[in-house]
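Undergrad: What follows is a single structure, and I will ask about it in a moment.
The values are calculated or read from the model by the stated rules, or taken from the named source; none is laboratory data. From a predicted model like this one, the values you see are computed outputs, not experimental measurements. Cβ placement follows ideal geometry from the backbone for every residue including glycine, while neighbour counts extend to all protein chains displayed. Ligands, DNA and RNA are stripped out before the accessible areas are found, and what is left, the full protein with its side chains, is counted by its heavy atoms. Shrake-Rupley method; radii C 1.70, N 1.55, O 1.52, S 1.80 Å.
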Amino acid sequence: MKKFLTLIMILLVTGVTFAQPQKSSKKPIIGISSTWGGGTTTSVPLNYVKSVMRAGGVPVVLPITDDPELIARMLEAVDAVIMTGGEDIDPLKWFGEEPHPALGEVIPERDLFDITLIRMAVAKGLPVLGICRGEQLMNVAFGGSLYQDIPSQVKGTYVKHQQKAPGYYGTHSVMIETGSLLNRQIGLDSVATNSFHHQAVKFVAPGFKVTARSKDGVVEAIEKMGSSKVFGVQFHPEVFTANNIDTFLGIFKYLVEEAKK
Ligand code: MN
């Protein structure tokens with residue numbers, strides 16, 4: 001009888017131990033960088049939010065601030081970060097080039113916030129996914145530069161990178177490096193992506209490598225070498241994913257899995 005009770009006790013204690021909530025069993029929190037809508041709102045396109053939810057993460061918006069202490073605290077509260085698309089990056093301030101006449105809208109406060117956020121997130125070892133501007137910003141934040149305007153600066157470009165087709169529709173092909181993170185995430189060597197950009201990675205940041213290009217050589221994906229959790233794409237996987245097209249869902253699922261570690 002005593003042995004039996006001991007066994008019950010062991011089972012109970014073991015059960016209680018295993019029932020303790022563990023970090024890996026919870027849905028991870030994915031911080032999403034935001035922009036200012038007309039100076040009156042802090043906004044994130046719903047497609048990013050829906051994609052994170054579909055992949056099993058909990059999306060939270062990270063509002064622009066110039067206070068590094070606030071940014072550090074935001075990063076304590078999240079398990080991964082998505083740097084979103086949007087405005088052009090100030091070329092003079094962040095990679096030492098005069099502004100090309102075709103340079104688009106620049107929000108200096110967003111640049112500063114985004115650059116500080118991504119540098120601190122990577123230093124902290126958090127997984128980071130950069131999308132469009134977010135991918136370009138990843139490159140600039142770690143010492144790379146950009147073509148400020150593809151049509152006027154990329155020699156021999158012949159692919160339309162500003163599609164007029166719907167966002168959930170792939171219009172140009174992208175060739176993916178075998179064994180790269182993107183290749184493993186979506187399981188494809190080539191794919192048709194959407195394309196909404198007039199800028200692209202030029203000089204690749206030290207420590208990073210190109211993992212995908214369009215047929216005209218424009219950089220369409222990068223990743224940090226020797227890391228499994230810092231990567232960016234020039235296209236918009238969130239538009240497909242939010243519209244229940246699963247071609248690129250693996251990118252977000254991968255981020256969520258890395259965020260659980
Ligand atoms: Mn493109």
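Undergrad: Charges at C-beta only: +1 for Lys and Arg, -1 for Asp and Glu. How large is the resulting dipole of the chain about its Cα centre, in Debye rounded to 20?
TA: Numbers: 26 positive and 25 negative charges, 281 e Å.
Result for the chain is approximately 1360 debye, rounded to the nearest 20.
Undergrad: Excluding residues on the same chain fewer than 8 positions from K202, give the lysines whose Cα lies under 19 Å from its Cα.
TA: Excluding near neighbours in sequence, the set is K93, K155, K160, K215, K224.
Undergrad: Hey, could you grab the Kirkwood Rh for the stretch 66-128? Inverse mean 1/r over distinct alpha carbon pairs, Å, one decimal.
TA: On the way: mean 1/r = 0.0777 Å⁻¹.
It works out to 12.9 Å.
Undergrad: Next question, about the same structure. Most fluctuating residue of L188, L117, L62 in a GNM of the chain with Cα springs under 10 Å: which is it?
TA: L188
Undergrad: Sticking with this structure for a sec: Taking the highest mean first, how do the peptides 213-224, 194-205 order by number of other beta carbon atoms within 10 angstrom per residue? Kindly include the intermediate steps, with their values, before the conclusion.
TA: Working: 213-224: 21.3, 194-205: 19.7.
Order by mean packing, descending: 213-224, 194-205.
Undergrad: In addition: May I ask you to rank Y147, Y168, Y254, Y48 by accessible area, largest first, using a 1.4 Å probe over the protein chains only?
TA: On the way: Y147 65, Y168 115, Y254 40, Y48 5 Å².
My answer, sorted largest first, is Y168, Y147, Y254, Y48.
Undergrad: Then there is this: Given a 1.4 angstrom probe, I'd like the percentage of the accessible area of the chain that is carbon and sulfur, rounded to a whole number. Display every interim value, and only then the final one.
TA: Numbers: 7350 of 12490 Å².
Heavy-atom surface of the chain belonging to carbon and sulfur, 1.4 Å probe: 59 percent.
Undergrad: So, one more: Please name whichever of V218, A77, P63 sits farthest to the positive end of the charge dipole of the chain, dipole taken about the Cα centre and charges placed at Cβ: Lys and Arg +1, Asp and Glu -1.
TA: Of the candidates, A77 comes out farthest on the positive side.
Undergrad: Once you place label points 7 Å from the Cα toward the Cβ at N244 and K27, how far apart are they in nm?
TA: 1.8
Undergrad: Then there's this: Per residue of the chain, what 222 nm ellipticity follows from adding -39500 (n - 2.57) for every DSSP H run with n ≥ 4, rounded to the nearest 500?
TA: Details: 10 runs with 94 residues, N = 261.
It lands at -10500 deg cm²/dmol.
Undergrad: Compute the normalised compactness of the stretch 37-81: alpha-carbon radius of gyration over 2.2 N^0.38 Å, N being the residue count.
TA: Details: Rg = 12.1 Å, N = 45, 2.2 N^0.38 = 9.3 Å.
Relative to the 2.2 N^0.38 Å estimate, the stretch 37-81 comes out at 1.29.
Undergrad: Would you grab the residues whose amide H sits under 5 Å from the one on G104? Only those 5+ places off in sequence or on another chain, please, with H modelled 1.01 Å from N.
TA: D88
Undergrad: Right, another one. Test of understanding: express the Cα radius of gyration of the chain as a ratio to 2.2 N^0.38 Å, with N the residue count.
TA: Details: Rg = 20.7 Å, N = 261, 2.2 N^0.38 = 18.2 Å.
In units of the 2.2 N^0.38 Å rule of thumb, it is 1.14.
Undergrad: Would you mind computing, in nm to one decimal, how far apart the modelled labels at Y168 and E105 are, each placed 7 Å from Cα along Cα→Cβ?
TA: My value for the distance between the label points is 2.5 nm.
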